[in-house]
Amino acid sequence: MSDATNSTDWVIPAPRQPALPVQGESARFPVRRIYCVGRNYADHAIEMGHDPNRESPFFFQKNPDAVEVPDGRFPYPVMSTDVHHEIELVVALAMGGRDIPLESALDCVYGYAVGIDMTRRDLQAEAKKQGRPWEVDKAFEASAPCSAIVPAERIGHPAAGLIWLDVNGERRQSGDLNQLIWKVPEVIATLSALFTLAPGDLIFTGTPAGVGPVQRGDRISGGVEGVAELSLTVV
Ligand code: MN
């Protein structure tokens, strides 16, 4: 007899749970959803042709399994010849909810990581021109490489510090967390008015200026001061 409540019965193999390592722990962090903030640093909004004084940050999503980039080897995606790096502080949630008040937003945070919002910029430019959604530009395989998550109980809640990215040893992106237009508590509070947040959600908080293309063979390294660093090879 079938039982709809028996979650171990599947008609096809159940998908694997995407996850990230946690610094200093053998247990891993299961990834439920990936939210991303667009244009959350004024200098990046300006380099993309927007006025940060007139336009608020906004949200888009990536697929949870996009965090999985085995052995730090980022596979250059198909259908693009202009893949860009965007170094970002990533927030990992231990709790969620709806309409989370600003004052308690940081209580939801499990920890922080550094991630790269990989972007098929050529497809994104076309999508913007046509008024189309961003999934094909932003949510492709391996598009969200991430460091291990560092628990907030170890590093607190970083609100300032260098955020940087090098390609082949050359500095491409450089900014400071204190330049975020929407700070982490505001991002959590605002997102929770739009979506029901939950444990396992990741939030990519936006990138500073200096985004640019990567090529096969490039060595990418980046980090957030006091949080973590991340290295990748483009293959
Ligand atoms: Mn981004």
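The values are calculated or read from the model by the stated rules, or taken from the named source; none is laboratory data. Bear in mind the structure is a predicted one, so any value in this text is a computation, not a measurement. Heads up, the Cβs are rebuilt from the backbone with ideal geometry, glycines too, and the neighbour counts pull from every protein chain shown.
Output the residue which, of all residues in the stretch 128-145 that are surrounded by 14 or more Cβ atoms within 10 Å (Cβ to Cβ) and of a type in the set (Gly, Ala, Ser), is farthest from Ala19 (Cα to Cα).
Ala139
For the stretch 77-105, which residues satisfy the criterion of being surrounded by fewer than 17 Cβ atoms within 10 Å (Cβ to Cβ) and away from the ligand (no atom under 16 Å from the Cβ)? Give the steps one after another, and end with the answer.
Taking the stretch 77-105 and keeping what is surrounded by fewer than 17 Cβ atoms within 10 Å (Cβ to Cβ), we get 77-79, 81-82, 94-95, 97-99, 101-104.
Within the stretch 77-105, Val78, Met79, Thr81, Ala94, Met95, Gly97, Arg98, Asp99, Pro101, Leu102, Glu103, Ser104 meet the criteria.
Please give the number of the condition Glu141 fails out of (1) within 15 Å of the ligand (Cβ to nearest atom); (2) under 21 Å from Glu68 (Cα atoms); (3) not in a strand (DSSP E or B).
Status for Glu141: all satisfied but (1).
Provide a single number: the residues in the stretch 207-222 that are in contact with a helix residue (DSSP H, G or I) (Cβ under 7 Å, 6 or more places away or on another chain) and either among the aromatic types (Phe, Trp, Tyr) or surrounded by 21 or more Cβ atoms within 10 Å (Cβ to Cβ) (or both).
Looking only at that region, the number is 2.
Return yes or no: is Gln23 more than 14 Å from the chain's Cα centre (by Cα) and polar (S, T, N, Q)?
Answer is yes for this residue.
Inspect the stretch 42-62 for any residue being at pLDDT 95 or above, within 19 Å of Ala152 (Cβ to Cβ), within 18 Å of the chain's Cα centre (by Cα) and not hydroxyl-bearing (Ser, Thr, Tyr) and give the result as yes or no.
No, there is no match, as no residue in the stretch 42-62 is at pLDDT 95 or above, within 19 Å of Ala152 (Cβ to Cβ), within 18 Å of the chain's Cα centre (by Cα) and not hydroxyl-bearing (Ser, Thr, Tyr).
In the stretch 28-62, what residues are within 15 Å of the ligand (Cβ to nearest atom) and assigned to a strand (DSSP E or B)?
Ile34, Tyr35, Cys36, Val37, Gly38, Tyr41, Phe58, Phe59, Phe60, Gln61, Lys62
For every residue, the table says whether it meets (1) surrounded by fewer than 16 Cβ atoms within 10 Å (Cβ to Cβ); (2) in contact (Cβ under 8 Å) with a residue 60 or more places away in the chain; (3) among the charged types (D, E, K, R).
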position	(1), (2), (3)
Glu126	yes, no, yes
Ser147	no, yes, no
Pro151	no, yes, no
Trp164	no, yes, no
Leu194	yes, yes, no
Ala198	yes, yes, no
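Go through the stretch 49-76 and report how many residues are closer than 22 Å to Asp176 by Cα and surrounded by 14 or more Cβ atoms within 10 Å (Cβ to Cβ). Break it down stepwise before answering.
So in the stretch 49-76, the residues closer than 22 Å to Asp176 by Cα come out as 49-59.
The next check asks that each one be surrounded by 14 or more Cβ atoms within 10 Å (Cβ to Cβ); those that pass are 50, 52, 57, 59.
Going through the stretch 49-76 one residue at a time, the tally reaches 4.
Only one of (1) within 16 Å of the ligand (Cβ to nearest atom); (2) within 22 Å of His50 (Cα to Cα); (3) not acidic (Asp, Glu) is not met by Val214, so which one is it?
Going through the list (1) within 16 Å of the ligand (Cβ to nearest atom); (2) within 22 Å of His50 (Cα to Cα); (3) not acidic (Asp, Glu), Val214 breaks only (2).
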